[in-house]
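The values are calculated or read from the model by the stated rules, or taken from the named source; none is laboratory data. It should be emphasised that the depicted structure is a prediction, and the values quoted were computed from it without experimental measurement. Here the Cβ positions follow ideal geometry from the backbone for every residue, glycine too, while neighbour counts run over all protein chains shown.
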Amino acid sequence: MSPARPGDPDGNMHGDERARAAWLRERIEAANHRYYVLDDPDIPDIEYDRLVRELEAIEAAWPELATADSPTRRVGAEPLKAFAEVVHQVPMLSLNNAFSEAEVAAFDRRVREGLGREDAVVEYAVEPKFDGLAVSLVYRDGEFVQGATRGDGYRGEDVGANLRAIRAIPMRLATDAPPAWLEVRGEVIMLRRDFERLNAEARERGEKTFVNPRNAAAGSLRQLDPRITARRRLSFFAYGIGRIEGTTPPATHAGVMDWLADMRLPVSGERASVFGVDGLLDYFRRLGERRAGLPFDIDGAVYKVNRLADQDALGFVARAPRFAIAHKYPAQEELTLVEAIDVQVGRTGALTPVARLRPVFVGGVTVTNATLHNQDEIERKDVRVGDTVIVRRAGDVIPEVVGVLFDRRPLRDLVEPLHPPYRLPATCPECGAPVIRLDGEAAARCANGLACPAQRKQAILHFASRRAMDIEGLGEKLVEQLVDQGLVHTPADLYRLDAATLAGLERMAEKSAANLVAAIDASRGRELARFIHALGIRNVGEQTAKDLARHFGALDALMAADIEALIEVPEVGPVVAESLRAFFAEPHNRDVIEQLRAAGAWVDGEARVARAGGLAGRTFVLTGTLPGMSRDQARARIEAEGGKVSGAVSKKTDYVVAGEEAGSKLAKARELGITILDEASLLDLLDQGERHA
């Protein structure tokens, strides 16, 4: 949980946490977009990890605050359109992180409880956590046929041509009996010596150098010209497998790694097998002692339950496996000065203060600014202009301001500080409208809505984004021009643009203008769920938009719904319902919607409320191994009938579905008197739901 905030002595007030969770979701998704899509991250890994961990803690403490579109249920963001899209047949999920010995011990305890062997000593496979770019390699009958980045975990970018240029990756497996299909997962990295050589050559040519090996590896792998990739001497280490057909893999992760090595796939020589928490922590310490002398960068160690059967039994949470965790090394820190504090205005009008820092080199990156989040965070840390601050970096680009060295604060005289406490402006720096802060919200917001140029730009970018109306070619620079020149005031204005007007803009030729007009025209007739998401209603993400579209079927029905009708929709609570009512009650928004209706921006679909059958509103928890279906299959069946699957047992749980080796969740269900189902009982319940359809 995050530290207590002003006005919240114990950090646990429900209303505050609801607002905090909403803010965290918005901030994490923005960070995902900057990091994975734009290659322009704005917070370091340590700050991103903190935000995700805080959101996970809030959602665990108050499950009703969790939303279907929460970033805790997902991995990252969408692939770039410069490469073809690849769908991962087995999702490439990320790992949860541990930062302390206590968290490692808690992970081991959860593993033992999940396996129903609380008193056992578990064997783990351990290996370095490479600081590179995760990729998937596909071999058919031993021949390399496809390579992709992880992307959002479900869809990645086809970088097979570039992966072929990496000499460490075999084009054919060294075995006489290759699997019919083998997906190898691993990390593309750049060795330190190759990184130094690359930068030396760049300096000789007078070109820009890379700041660290990870950025060099990521930038090299995603070149459109594979010849550039080949010249940059990338390396690869395998760390696991995905889909496999035509053979049975070894029974342990360590055995799989040896098997891959036998087929001449590169695997880390630093891997090992250990037993229990003591073994994990001893490996972590020994690896840390050698860290500086390794030929590659690492940022931690990875621990995995060794037996694959145990991994299957433990399964996954929404965005990560239960059988593995990444143990991170402490972040690097430096001192620098706060030279100014500026304010940025986001899509929902939220004002985000940003510290402008005296440039400082931290962990291979020159840092010049850092987000200060909101007024509460500024006051909690008491950050002022002129302060010497501790800057922590464990990822890319923008760091976390950990705290202030108050004994170095510049003084006007012997007592009075030179600079006063920072306060967010009372008026929007973009449009001059009043800034308001509603009860229960951490963010202060510009009250001017789409009349504010900054909000207008962000709203239009969101409207055109891939998961919304998917208007290809409508990027940030172009939107800035369209808004600044008064050509676009609302998303509806996009459908009035013509090629001649667009061709007159900076860096827009006739062909690109014609392509954009075609892309805008192609966005007409999007399904209702996409359109609802594109409207950018506060607290309404992609999954909630789908739920609303499925429930109401038509936008007019949604717009006419009152609070009581809205909260009948699964996952829609009072906060989301109030956001919807406020949005549709605004005359300006209704006017824009009518203009978009005239442009044919969306088509209504048939409401499918009855499809939920008898499982609507019921919460299930899965535990143990089911004899006839995997947990993922059971989850899909339950959700298809309108039920919700949770990861924790609480008083709000309706059913616990228990298989073999069910652990502490089953015991808690019995303690709370919750109905317990076996697989046969679950199937009967699902059949009843289907008959209601």
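Screening the range 639-660 for residues that are surrounded by fewer than 18 Cβ atoms within 10 Å (Cβ to Cβ) and basic (K, R) and picking the one that is farthest from the chain's Cα centre (by Cα) gives K651. Among the residues of the range 507-528, the ones that are surrounded by 20 or more Cβ atoms within 10 Å (Cβ to Cβ) and over 16 Å from E472 (Cβ atoms) come to 1 in all. The criterion of at least 3 residues that are at pLDDT 90 or above and within 23 Å of A301 (Cα to Cα) is met, among helices (runs of 4 or more DSSP H) falling completely within the range 1-119, by 101-114.
In this entry, A292 is excluded by the filter for residues that are out of contact with any His (no Cβ under 6 Å at 6 or more places or on another chain) and touching a residue at least 60 places away in the same chain (Cβ under 8 Å). Checking the range 205-212 against the condition returns a match, with at least one residue being without any contact (Cβ under 8 Å) to a residue 12 or more places away in the chain, part of a loop (DSSP other than H, G, I, E, B) and among the acidic types (D, E). Tell me, yes or no, whether the range 126-133 has at least one residue that is among the β-branched types (V, I, T) and under 30 Å from A105 (Cβ atoms). Looking for residues that are among the β-branched types (V, I, T) and under 30 Å from A105 (Cβ atoms), one finds at least one in the range 126-133, hence yes.
For A433, state whether it is in contact with a strand residue (DSSP E or B) (Cβ under 9 Å, 6 or more places away or on another chain), among the aliphatic types (A, V, I, L, M) and closer than 22 Å to H588 by Cα. Yes, satisfied. Screening the range 289-320 for residues that are at pLDDT 90 or above and out of contact with any strand residue (DSSP E or B) (no Cβ under 8 Å at 6 or more places or on another chain) and picking the one that is farthest from D119 (Cα to Cα) gives A309.
Of all the criteria given as (1) over 30 Å from R192 (Cβ atoms); (2) free of Cβ contacts under 8 Å to residues at least 60 places away in the same chain; (3) not in a loop (DSSP other than H, G, I, E, B), the one not satisfied by R380 is (2).
Tell me, please, whether a residue that is crowded, with 16+ Cβ neighbours inside 10 Å, among the β-branched types (V, I, T) and either touching a residue at least 60 places away in the same chain (Cβ under 8 Å) or over 30 Å from D131 (Cα atoms) (or both) can be found in the range 440-462. Within the range 440-462, one or more residues are crowded, with 16+ Cβ neighbours inside 10 Å, among the β-branched types (V, I, T) and either touching a residue at least 60 places away in the same chain (Cβ under 8 Å) or over 30 Å from D131 (Cα atoms) (or both). Looking only at the range 229-242, decide whether some residue is modelled with pLDDT under 80 and surrounded by 13 or more Cβ atoms within 10 Å (Cβ to Cβ). Checking the range 229-242: at least one residue is modelled with pLDDT under 80 and surrounded by 13 or more Cβ atoms within 10 Å (Cβ to Cβ).
Among the residues of the range 512-525, write down those that are farther than 24 Å from R347 by Cβ and part of a helix (DSSP H, G or I). Can you show your working first?
If we filter the range 512-525 for residues that are farther than 24 Å from R347 by Cβ, which is where we start, we get 512-515, 517-518, 521, 525.
S512, A513, A514, N515, V517, A518, D521 - these are the residues of the range 512-525 that are farther than 24 Å from R347 by Cβ and part of a helix (DSSP H, G or I).
Please tell me if T252 is surrounded by 13 or more Cβ atoms within 10 Å (Cβ to Cβ), polar (S, T, N, Q) and over 29 Å from the mean Cα position of the chain (by Cα).
Details: surrounded by 13 or more Cβ atoms within 10 Å (Cβ to Cβ): yes; polar (S, T, N, Q): yes; over 29 Å from the mean Cα position of the chain (by Cα): yes.
When the stated conditions are applied, T252 passes them.
Taken over the range 492-519, the criterion of being touching a Gly at 6+ places or on another chain (Cβ under 9 Å) and touching a residue at least 40 places away in the same chain (Cβ under 8 Å) is satisfied by Y495, N515, L516, A519. Quick check: is even one residue across the range 224-231 closer than 20 Å to S136 by Cβ, assigned to a loop (DSSP other than H, G, I, E, B) and of a type in the set (A, V, I, L, M)? Taking every residue of the range 224-231 in turn, at least one turns out to be closer than 20 Å to S136 by Cβ, assigned to a loop (DSSP other than H, G, I, E, B) and of a type in the set (A, V, I, L, M). Whenever a residue of the range 661-676 is crowded, with 20+ Cβ neighbours inside 10 Å, its partners that are in a helix (DSSP H, G or I), lying with C-beta atoms within less than 6 angstrom and at least six residues away or across chains, give the pairs G663/E113; G663/G114. Condition test on A177, is it small (G, A, S) and touching a helix residue (DSSP H, G or I) at 6+ places or on another chain (Cβ under 9 Å)? Criteria not met by A177. Taking every residue in the range 184-197 that is assigned to a strand (DSSP E or B) and pairing it with any residue that is of a type in the set (D, E), at least 6 positions away or on another chain, yields no pair with a Cβ-Cβ distance below 6 Å. Inspect all residues belonging to the range 144-160 and state whether any of them is modelled with pLDDT under 95 and more than 27 Å from the chain's Cα centre (by Cα). Yes, the conditions are met somewhere in the range 144-160.
Screening the range 547-651 for helices (runs of 4 or more DSSP H) wholly inside it with 2 or more residues that are under 22 Å from T67 (Cβ atoms) returns the ranges 555-560, 563-566, 574-585, 631-640.
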